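Have a look at the structure below before the remarks.
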Amino acid sequence: MASRYEVKRIAGERVRILLNLASDVLRKDEELAKRYVQLAFRIAAKARLKLPREVKRRYCRRCKVPLIPGYTARIRVKKGCGGTKIVVTCLRCGYIRRYPLKGKGQVK
Ligand SMILES: [Zn+2]
C-alpha cells in the first residue's frame, strides 16, 4: 500500500509532467494545453498538494492557459503609493490579476 508520502510524491510528479506537457503543446494546441493544466490542478487538489504560488501564477486562474508574456499574457508593473504591483492580463479570456511585488528580481 502506498503511504501518504508516496501518494503525494507520485501526484507531484504527475503534476510536473502535465504542466511540462502543457507548455510543450501550447503553441500547437491551446485547448489541449488548458486541459493538461486543468488535470494537473485537479490531481494536486485531490492529493492535497500545495502548489507554490509561483507555479500557480503561471496559469490563468479562469481559463487555465499557461501565461507566457507577450504570447498569452500581458504583464505590467505598476508603481503606486501602495508599493509596486504586477498586473497580469490573460490575453485569452481577459482575466486580470494583480499582486504586490516583494523584493527585487521577481519578475521575469
Ligand atoms: Zn484566461
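Since every read-out is calculated from the coordinates, none of them should be taken as a lab result. These numbers were taken from a predicted model, which means no experiment stands behind them. Here the Cβ is made from the backbone with ideal geometry for all residues, glycine too, and neighbour counts use every protein chain on show.
Some points to look at:
- Shown for the chain: cysteine residues without a partner Cβ closer than 4.7 Å, namely 81.
- Residue among 66, 23, 101 farthest towards the positive dipole end of the chain, charges placed on Cβ: 101
- For the pair residue 42 and residue 95 in one chain, pulling the backbone fully straight at 0.36 nm per residue adds 17.0 nm over the alpha carbon distance.
- Proximity of backbone amide H atoms, modeled 1.01 Å from N, is registered between residue 67 and 59, 60 at under 5 Å, excluding neighbours fewer than 5 places apart on the same chain.
- Count of Lys pairs (Cα-Cα under 20 Å; at least 8 positions apart or interchain) in the chain: 26
- With respect to the chain, whose longest principal axis is taken over its alpha-carbon atoms, helix 4-25 is tilted by about 50°.
- Stokes-Einstein diffusion for region 4-100 at 20 °C, viscosity 1.002 mPa s, with a Kirkwood radius from C-alpha pairs, works out to 151 µm²/s.
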